[in-house]
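Worksheet for the structure shown next.
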Amino acid sequence: MLGKIFCSPGVSALIAMLGIVIGWGQVGGGLSWGQEVDLAEVAQKTEKKVFRRANGFELPYRLLIPEKYDPARKYPLIVFLHGAGERGTDNEAQLRHPQVLRLALDEKDPCFLVAPQCPRNSSWTDLLATFRQGLKELPPITEPMLATIELLEALSREYSLDRDRWYVTGLSMGGFGTFDLLIRKPDWFAAGVPLCGGMPEAEAPKIAHIPMWIFHGAADRVVPPELSRRAVRALQAAGATNVRYTEYEGVGHDVWRKAYLEPELRTWLLAQKRTPK
């Protein structure tokens, strides 16, 4: 049994399409139940930056910093990897689907959120190009993924981040990228939330110790939901004990419109702490 949860589209999907979360409060000042947040407005409040590698490669990224940031306090970090449709260099498109920002907003436990932007004609991982032929092994690392890893290292030096509470999530190409990053850095992250992605099943033992909540739409015609089902089976076979799988009946590729609004997701995610393998 994969423990699938089937949910029919409802009001939350409409709210997500509008980029509004009801019940999660206000920007920076904290969140309290019953308030509204315009996530598109939150996205505009993130800082626009560019990370440059030693070889000159540039990676645009957006950074959400808690408004009352205190260097004496340690903060969780959420890494968000966008999908193929948001590639570019405008440093805007990666937050076109702002629902993920909801995960970072909380008065008592605010998070940093970093959203790098992958250039056109590239990807977070070459898994995306080969998944229809079967995900047999991890391909060589791509330049954007290498830059993302170096960016995270730089952020950890610049800000007061809790290294036991780093989380990664992504959708579509970013869902594959989430698995890719977890496999390459299995000791970095406390949890992963891949949406409509997939992974080489042979790599499951490397990341079976990492808590995961995997999402997919049952009607996805872009990335087959079987890829997520197989990932769950492989992780469980490798000994994973904290893997959730939610598959929405009747939902296609845009599963993020529902997944990031799951009422329990933020609480579950931020309760996870890094466990050395």
Practice item. Counting only residues that are more than 20 Å from Val100 (Cβ to Cβ), give me the helices (runs of 4 or more DSSP H) lying completely in segment 213-277 with at least 3 of them. Key: 226-237
Exercise for review: Kindly check whether there is at least one residue in segment 173-190 that is on the phi > 0 side of the Ramachandran plot and either crowded, with 24+ Cβ neighbours inside 10 Å or touching a residue at least 12 places away in the same chain (Cβ under 8 Å) (or both).
Suggested key: no
Point to revise | All positions within segment 75-105 that are modelled with pLDDT of 95 or more and basic (Lys, Arg) | key: Arg87
Check your understanding: If only one of Thr169, Thr275 is at pLDDT 95 or above and either β-branched (Val, Ile, Thr) or under 28 Å from Leu151 (Cα atoms) (or both), which one is it?
Key -> Thr169
Exercise for review: Would you point out the residue of segment 236-268, among those that are more than 18 Å from the chain's Cα centre (by Cα) and among the aliphatic types (A, V, I, L, M), that is surrounded by the fewest Cβ atoms within 10 Å (Cβ to Cβ)?
Suggested key: Ala237
Point to revise | Criterion: part of a helix (DSSP H, G or I), in contact with a Pro (Cβ under 9 Å, 6 or more places away or on another chain), at pLDDT below 95 and of a type outside the set (Lys, Arg) - qualifying residue of Ala40, Ala16 | key: Ala40
Review point. Name the pairs whose Cβ atoms lie under 7 Å apart, with the first residue in segment 90-106 and without any contact (Cβ under 8 Å) to a residue 24 or more places away in the chain, the second crowded, with 21+ Cβ neighbours inside 10 Å, and 6 or more positions between them or separate chains?
Key: Arg96/Glu86
Exercise for review: Hey, can you tell me all the residues within segment 88-97 that are surrounded by fewer than 23 Cβ atoms within 10 Å (Cβ to Cβ) and either under 18 Å from Gly192 (Cα atoms) or of a type in the set (A, V, I, L, M, F, W, C) (or both)?
Suggested key: Ala93
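The values are calculated or read from the model by the stated rules, or taken from the named source; none is laboratory data. Fair warning: this is a prediction, and the values are worked out from it, not measured in the lab. Here the Cβ is made from the backbone with ideal geometry for all residues, glycine too, and neighbour counts use every protein chain on show.
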